[in-house]
Amino acid sequence: MIVIRKPGVLASVQDLGRHGHRQLGICPGGALDVLALTLANRLVGNADGAAGLELTMGGCELQFETDTRIALAGDDFGATLDGMPLWPFWSVPVSAGQTLRLAGANASGAKRKAGVRSWLAVAGGVDVPPILGSRSTDLKAGFGGHEGRALRKGDRLPTGASMLDAALRERRPFGVRSPDWGTAEDDGAIALRVLPGPEFELFTLAAREQLWGERWRITPQSNRMGSRLDGAELKRKRGGDMLSSGVIPGTIQVPPSGQPIILMGDAQTTGGYPRIGVVIRADLWKLAQAPLNGRLRLVQVDQPQALAAWASQQRYLSQVAQGLAAAGWPRAA
Amino acid sequence: MSGAPFPRLHLLGDAALLCELPAPATLAQQQRIWALAEHARQWPGVGETLPGMNNLTLTFDPVAIDLDTLTARVLEAWPKLAAGAVNGRLVEIPVAYGGEHGPDLADVAAHTGFTPAEVVRRHTAAEYVVYLLGFLPGFSFMGGLPPELATPRRAEPRLAVPARSVGIGGEQTGIYPLVSPGGWQLIGRTPLELFDPAAEPPTLLRPGDRVRFVAESVQT
């Protein structure tokens with residue numbers, strides 16, 4: 001059992017998402033950074049799709065009631081396990097009774113690069129009942145995960161059967177190389193690669209140039225449904241209503257205000273705003289971790305470049321898998 | 001049928017393809033959208049099929065099927081699709097109209113110039129078609145609202161529309177499956193669950209279904 005002592009701003013059970021039900025209006029949801037959750041799961045011998053916890057803005061406290069093994073991925077928020085620092089992308093044994101603490105976003109002052117989210121995997125995975133093929137919490141529709149809601153103080157989460165025997169569980173800590181953020185911008189902006197969307201041409205030439213040229217600020221009104229950006233007003237050549245059409249995570253839609261919204265896992269399945277672009281799959285994890293009030297730069301790519309980026313991410317994941325296998329680390333199917 | 005316009009194809013990110021028909025949206029075009037969805041679901045490499053209004057989004061695995069192949073398959077399948085191939089079920093939806101269940105029935109009556117009873121009569125006399133589901137799990141975008149019942153959305157949207165409320169928003173009618181913010185005019189409420197994640201299938205309605213509202217009670 002994992003006991004939630006302090007959930008922080010928003011903690012929820014998430015796996016790789018609830019897929020296959022979009023045409024019924026059911027959003028995929030799931031960990032916003034599937035790369036982080038996948039890595040954390042592999043580090044504790046879980047299948048990639050095991051459920052973990054998505055933690056937002058640190059400030060949380062979790063206690064483990066049994067001996068287990070955990071891995072934290074994403075931003076670590078100065079995480080400690082009974083006072084000992086816990087590094088992100090490390091696999092660490094936990095004894096019954098130990099407490100994991102993540103400091104709040106402002107706890108260590110403004111000097112550190114503030115992140116937004118962390119993903120925690122526990123050996124055996126969080127064992128809530130799967131609904132429609134997933135253990136993810138659908139916060140908007142109120143089902144899945146733990147009682148269909150965000151975690152609260154005092155919640156107790158069961159864990160499933162683990163691949164790790166006592167010897168493996170207690171093996172000394174080890175880690176993997178964290179995902180590559182790419183070249184840092186001089187101004188600290190995070191670069192996201194974007195394919196022009198179906199309504200790209202609907203925007204004025206100036207708006208299309210601003211899309212690529214602007215340093216977009218991520219506003220605090222961002223959440224699991226979408227990241228709201230602030231910057232130049234993206235104007236359309238002409239107004240007029242659009243018919244409802246499919247949207248997927250990464251879709252950059254532009255409401256009449258001209259301020260774009262990048263949709264994320266909990267966004268609705270169809271939208272009626274023009275889609276000026278779509279963030280490529282390989283870069284969605286960066287958006288999940290991009291800090292509030294931080295800056296984004298959108299970089300135009302074409303589909304072959306997007307697929308090459310995806311392939312490169314898959315290569316990194318296979319290298320991690322090979323490394324773990326070579327070290328005799330198990331992996332649940 | 002040979003004269004049916006081809007869809008415009010456009011990538012939606014690196015692993016989804018939008019197939020969009022020229023305006024205006026018609027039931028005949030929407031039927032071909034559903035038929036294409038049924039077809040495409042069988043193709044190796046295609047993941048989900050998501051009908052929109054007058055369009056279809058296909059998610060695909062670019063490793064299993066490349067864009068050129070997928071494009072060719074859509075364009076090859078398109079002229080052969082039969083518009084009537086998807087035959088939805090007829091679903092009857094009981095509604096308690098007016099009163100606390102439909103607080104805006106009087107406003108709709110005032111806007112349309114009918115009595116509340118006449119609004120209900122016309123709303124229940126029509127047959128509706130579920131064009132697509134979206135917005136919320138089980139929320140259907142339906143066509144077929146008698147044009148004379150069209151009523152603009154409320155100036156001030158409600159923060160929490162009760163689940164299972166039946167409403168009119170502009171030229172559309174629909175049912176809120178869950179408590180959610182919403183600006184439609186609420187004319188009644190159904191006892192039926194539109195979305196039950198534990199049920200198989202989890203939604204009462206599916207794209208292509210036909211719907212009739214049945215007045216269980218009318219409070220004016």
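Every number in this text was worked out from the coordinates using simple rules, so none of it is lab data. Here the structure is a predicted model, which means the values were calculated and not measured. Neighbour counts are summed over all protein chains in view; Cβ atoms, including those assigned to glycine, are modelled from backbone coordinates with ideal geometry.
Quick notes on this one:
- From least to most packed, judged by other beta carbons within 10 angstrom and beginning with the fewest, A:Lys235, B:Lys80 follow the order B:Lys80, A:Lys235.
- Rounded, prolate or oblate (a/c below 1.5 giving rounded, otherwise prolate when a/b exceeds b/c) for the stretch A:25-169 by Cα gyration tensor: oblate
- Averaged over peptide B:52-62, the number of partner chain Cβ atoms lying within 10 Å of each residue's Cβ comes to 5.
- Label zone at A:Gln314, where the point sits 7 Å out along the Cα-to-Cβ direction: the stretch B:58-77 residues whose backbone N lies under 17 Å: B:59-70
- Put in line by how crowded their Cβ is, counting other Cβ atoms within 10 Å and starting with the fewest, A:Asp76, A:Asp266, B:Asp61 read B:Asp61, A:Asp76, A:Asp266.
- Equivalent ellipsoid semi-axes - Cα gyration tensor, the stretch B:8-80, angstrom: 20, 12, 10
- Kirkwood Rh, Cα atoms: Rg over Rh of the protein assembly as shown: 0.99
- For the stretch A:1-83, taking the reciprocal of the average inverse distance between every pair of different Cα atoms yields a Kirkwood hydrodynamic radius of 13.9 Å.
- Over the stretch B:90-219, volume per residue of the alpha carbon convex hull, in Å³: 90
- Cβ neighbours within 10 Å from other chains - mean over B:12-25: 6
- In terms of overall dimensions, the C-alpha atoms belonging to the stretch A:190-301 reach 34, 29, 26 Å along their principal axes, ordered largest to smallest.
- Of the GluC sites (Glu not before Pro) found in the stretch A:185-224, those in coil by DSSP whose Cβ has at most 16 other Cβ atoms within 10 Å are A:Glu185.
- Rounded FRET efficiency, nearest 0.05, which uses the C-beta distance separating B:Asp66 from B:Val91 and R0 of 35 Å: 0.35
- Within the stretch B:90-219, antiparallel bridges make up roughly 70 percent of the DSSP beta bridges whose residues both belong there.
- Rh by Kirkwood over Cα pairs, then Stokes-Einstein D for chain B at 1.306 mPa s and 10 °C, µm²/s: 85
- Of the DSSP H helices in chain A, those whose Cα atoms cover at least 15 Å axially and whose Kyte score averages -0.5 or more: A:303-326
- Of the residues A:Val194, B:Trp78, A:Pro274, the one whose Cα sits farthest toward the positive end of the charge dipole of the protein assembly as shown, with +1 on the Cβ of Lys and Arg and -1 on the Cβ of Asp and Glu, is A:Val194.
- The relative contact order of chain A comes to 20 percent, based on Cα pairs under 8 Å that sit 6 or more residues apart.
- For the pair the stretch B:143-220 and the stretch A:255-307, the centres of their Cα atoms are 31 angstrom apart.
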